[in-house]
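The structure appears right after this line, and notes come after that.
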Amino acid sequence: MLFGAKGSIGLDIGSSYFKVVQLKDTKKGYELELFDMLPIAPEIIVDGAIIDSLRLVDALKELIKKSRIKTKNAVIGVSGHASVIIKRISLPEMSEEDLAESIKFEAEQYVPFDIEDVNLDFQILGPREEPGQMDVILVAVKKDIINEYVTVVKEAGLNPLVVDVDAFALENMYEVNYEIEPNRNVALVNIGASTINMNILKGGVSVFTRDSSLGSNLHTEALQKAFEVTYENAERLKRGEPVEGVAPEDAYATIISASEDIISEIARSLDYYKSTTLHEDINEVILSGGGALIKDFTRVLSEKIGVESRMAEPFRNIFIPKKFDISYMQEMAPMASIAVGLAMRRPGDR
Ligand SMILES: Nc1ncnc2c1ncn2[C@@H]1O[C@H](COP(=O)(O)OP(=O)(O)OP(=O)(O)O)[C@@H](O)[C@H]1O
Ligand SMILES: [Mg+2]
């Protein structure tokens, strides 16, 4: 192992929940060592920005204690259309070293932020049809956002080893758990509380990513309005639990109607992808994130967009020892998807 026997945790810091996963590399593949979650008060992270870092540090310390996290090394992810730009671009063929030298210059026209304010990374995908050109995935992440998250992680006593991008973590989760079929278009869609991360894979290679600033908070807000309940009670209703004065059956219609905006957003992105690729069909949607746990969401989405949609199984190819509560794991698994992808990252790999 690259960094000692204790490995690293994948730490997904969402606006509503911490999700932590630790995996062990064994001869037979991955084995789960740790999976846990902890809610984060909704006012601490807003629109991807850390509003109250002191409280976030405290909450992270609480997670470390509660989940008995022994490892200091943490891989975290960032996302959000205001902080992360991922673009597939075409460049003249050149070596990795040369591109590393000139990436800033090349990136300037594709990144809508000051180039000095972002960290740049790239991956050369290979030659294009046009001679002398190559396909490159360009990734730009605002330094501000990286600093905010890295600072919190350090203050909580962890060592932020890698800062990844949520959409790529989703892709890593997929690669480990699913058979890749050439030419099959699979849309990975993660619905968090305030963000939807999408990554469309063609034959297992990412061809389109998009983050939107919508999420399952839409359900919470709709419930709060319709029934004049607190945030906490709206969250209970979302999980199908009764709260005083409101039966889950009554909440159901409000939830389904609040899903419409989320579904339109997903449909818009899929349509956009189709329009840029001579109408290639999406063969399948793999749904993850807490928003995917909304009752009947998968079914309603499938019906509305006409594409078979399934819940992600991030632990499908990961051995789960008996000490874990299997039924809880199965229920919550879709929420762990990004954390699983992060937990697989090793420093230096691409
Ligand atoms: N069992 C459930 N049923 C319905 N909704 C749920 C359930 N569990 C969680 N959620 C909702 O899912 C959301 C949390 O999901 P997730 O942890 O993926 O989001 P997050 O990572 O915190 O948010 P973001 O990535 O947008 O910042 C919350 O809005 C929560 O109410
Ligand atoms: Mg999230």
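The values are calculated or read from the model by the stated rules, or taken from the named source; none is laboratory data. This is a predicted model, so every value here is computed, not measured. Note that each Cβ is placed from the backbone with ideal geometry, even for glycine, and that neighbours are counted across all protein chains shown.
Scanning the stretch 237-255 for residues that are more than 9 Å from ligand 1 (Cβ to nearest atom) and either part of a strand (DSSP E or B) or under 17 Å from G289 (Cα atoms) (or both) turns up V243, V246.
D98 satisfies every condition listed in (1) within 30 Å of D12 (Cβ to Cβ); (2) at pLDDT 95 or above except (1).
The residue pairs whose first member lies in the stretch 272-286 and is under 15 Å from L301 (Cβ atoms), whose second member is modelled with pLDDT of 90 or more and of a type in the set (S, T, Y), and whose beta carbons are closer than 7 Å, counting only pairs six or more residues apart or on different chains, are V285/S309; I286/Y174. For S212, the conditions (1) within 14 Å of ligand 1 (Cβ to nearest atom); (2) buried (at least 19 other Cβ atoms within 10 Å of the Cβ); (3) touching a residue at least 40 places away in the same chain (Cβ under 8 Å) are fulfilled apart from (2). Confirm whether A234 is near ligand 1 (Cβ under 10 Å from one of its atoms), in contact with a Leu (Cβ under 9 Å, 6 or more places away or on another chain) and outside any loop (DSSP other than H, G, I, E, B). So A234 fits the description; yes. Test K323 against the criterion of being within 12 Å of ligand 1 (Cβ to nearest atom) and outside any helix (DSSP H, G or I), and give yes or no. Judged against the criteria, K323 is not a match.
All conditions but one from (1) in contact with a strand residue (DSSP E or B) (Cβ under 7 Å, 6 or more places away or on another chain); (2) farther than 16 Å from E155 by Cβ; (3) of a type outside the set (S, T, N, Q) apply to I51; the one that does not is (2). Filtered by the rule that a residue be of a type in the set (A, V, I, L, M, F, W, C) and out of contact with any Asp or Glu (no Cβ under 9 Å at 6 or more places or on another chain), the stretch 57-83 gives A59, I64, A74.
Here's a check for you: in the stretch 272-305, which residue that is modelled with pLDDT under 95 and part of a helix (DSSP H, G or I) is surrounded by the fewest Cβ atoms within 10 Å (Cβ to Cβ)? The extreme case among them is S275. Per this entry, E260 is counted among residues that are away from ligand 2 (no atom under 16 Å from the Cβ) and among the acidic types (D, E). For A251, the conditions (1) buried (at least 21 other Cβ atoms within 10 Å of the Cβ); (2) under 22 Å from R310 (Cβ atoms); (3) not aromatic (F, W, Y) all hold with the exception of (2).
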